[in-house]
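A quick write-up on the structure given underneath.
The values are calculated or read from the model by the stated rules, or taken from the named source; none is laboratory data. What you see is a predicted model, and the numbers here were worked out from it, not measured in a lab. Cβ placement follows ideal geometry from the backbone for every residue including glycine, while neighbour counts extend to all protein chains displayed.
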Amino acid sequence: MLNRIWLAFILIGVATAVLGGRTEVVTTAVTEGSQVAVQTAIGLTGTIAFWLGLMRIAEDAGLVVLLARIIRPFVRGLFPDVPANHPALGSILLNMSANLLGLGNAATPLGLKAMAQLQELNREPDTATDSMCTLLAINTSSITLIPTLVIAARAAAGSKNPAEIVGTTIIATTCSTIAALTVDAYYRYFRRRKPGGWR
C-alpha cells in the first residue's frame, strides 16, 4: 500500500511539472536529491557505527541484563497472564532493555521471539492476546534513553551538539509510552467487559 502511495506522489509531481511546462524542475530535483541522499548516507555510516559499537560494548558488559533485572517487577505487572518462569517473560525483558538503550538491531529479534513465545500461550491462535497487544504498544512507543539514529543524523547534518536532544527524547518517549499503556489498559480493562464480569 505504501509503495502505491509513493508511486502516486511521484506520478502526480511529474504530471504537474509536464502540464506546467517545468520538466527541468523535476530533473534538477532528482539530481540534487540523489546527491544529498548519498552524502547523508555516507555521513551517517561512521556515526551510526560508533554508537552501535558503543551500545554493543554495553550489551556485552551486561548492561542489558542489568536493566532487565531492574525493570522485571514493572514488567510482571504489565504481563500478569504470562507465567513467572515462562521464556516469553525473559525475551520481553531483554527486548525492553535493548529498546531503552537504543539497540534497535538487538531489540527487533528479541521482540519477534517474545511474540512467538507469547503465541504458544495463546488459546485463540487467530486472535492477539492482551499480552501481545501490550508488547506491541510498548515497542511502538518505546522509551529511549539514547536515540542513536537521530544523534547520527544530526551529526551528519552539521549540528554543533547532536546529542543535546537526549533529554527531550527521554521526555517525549516517556510521554508516548505512558499514552500507549493508558490506551492499552483502557481496552484491556474497560472495553472488554462481559455481562458476567471482567474478561
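Here is a yes/no grid of residues against (1) aliphatic (A, V, I, L, M); (2) in a loop (DSSP other than H, G, I, E, B):
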position: ASP126; (1), (2): no, yes
position: THR134; (1), (2): no, no
position: ILE143; (1), (2): yes, yes
position: ILE146; (1), (2): yes, yes
position: ALA152; (1), (2): yes, no
position: SER159; (1), (2): no, yes
position: THR169; (1), (2): no, no
position: ALA180; (1), (2): yes, no
position: VAL183; (1), (2): yes, no
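Take LEU121 and tell me if it is modelled with pLDDT under 85 and aliphatic (A, V, I, L, M). Please lay out each step first, then the result.
On the way: modelled with pLDDT under 85: no; aliphatic (A, V, I, L, M): yes.
No; evaluated as a whole, the condition is false for this residue.
Being without any contact (Cβ under 8 Å) to a residue 60 or more places away in the chain, part of a helix (DSSP H, G or I) and under 22 Å from GLY53 (Cβ atoms) is the requirement here; does THR108 meet it?
Working: without any contact (Cβ under 8 Å) to a residue 60 or more places away in the chain: yes; part of a helix (DSSP H, G or I): yes; under 22 Å from GLY53 (Cβ atoms): yes.
It is true that THR108 is without any contact (Cβ under 8 Å) to a residue 60 or more places away in the chain, part of a helix (DSSP H, G or I) and under 22 Å from GLY53 (Cβ atoms).
Please tell me if SER91 is at pLDDT 75 or above, closer than 30 Å to ASP130 by Cβ and hydroxyl-bearing (Ser, Thr, Tyr).
In short, yes.
So that you can scan it fast, the table gives a plain yes or no per residue for (1) polar (S, T, N, Q); (2) modelled with pLDDT of 85 or more; (3) under 30 Å from ALA37 (Cα atoms):
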site	(1), (2), (3)
LEU66	no, no, no
PHE79	no, yes, no
ASN99	yes, no, yes
ALA107	no, no, yes
THR129	yes, yes, no
CYS133	no, yes, no
ILE165	no, yes, yes
THR174	yes, yes, no
THR177	yes, yes, no
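In this structure, does THR108 turn out to be farther than 21 Å from GLY77 by Cβ and in contact with a Phe, Trp or Tyr (Cβ under 7 Å, 6 or more places away or on another chain)? So that I can check it myself, show each step before the final result.
Working: farther than 21 Å from GLY77 by Cβ: yes; in contact with a Phe, Trp or Tyr (Cβ under 7 Å, 6 or more places away or on another chain): no.
The answer is no for THR108.
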Look through the stretch 117-148, keep the residues that are surrounded by fewer than 16 Cβ atoms within 10 Å (Cβ to Cβ) and under 18 Å from the mean Cα position of the chain (by Cα), and return whichever of them is nearest to SER97 (Cα to Cα). LEU145
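What are the residues in the stretch 71-104 that are exposed (fewer than 13 other Cβ atoms within 10 Å of the Cβ) and either under 12 Å from the mean Cα position of the chain (by Cα) or not charged (D, E, K, R) (or both), if any? Talk me through it step by step, then tell me what you get.
Initial filter on the stretch 71-104 (exposed (fewer than 13 other Cβ atoms within 10 Å of the Cβ)): 73-74, 77, 80-81, 83-85.
Result: PRO73, PHE74, GLY77, PRO80, PRO83, ALA84, ASN85.
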Got at least one residue in the stretch 105-113 being within 20 Å of the chain's Cα centre (by Cα) and of a type in the set (Ser, Thr, Tyr)? yes
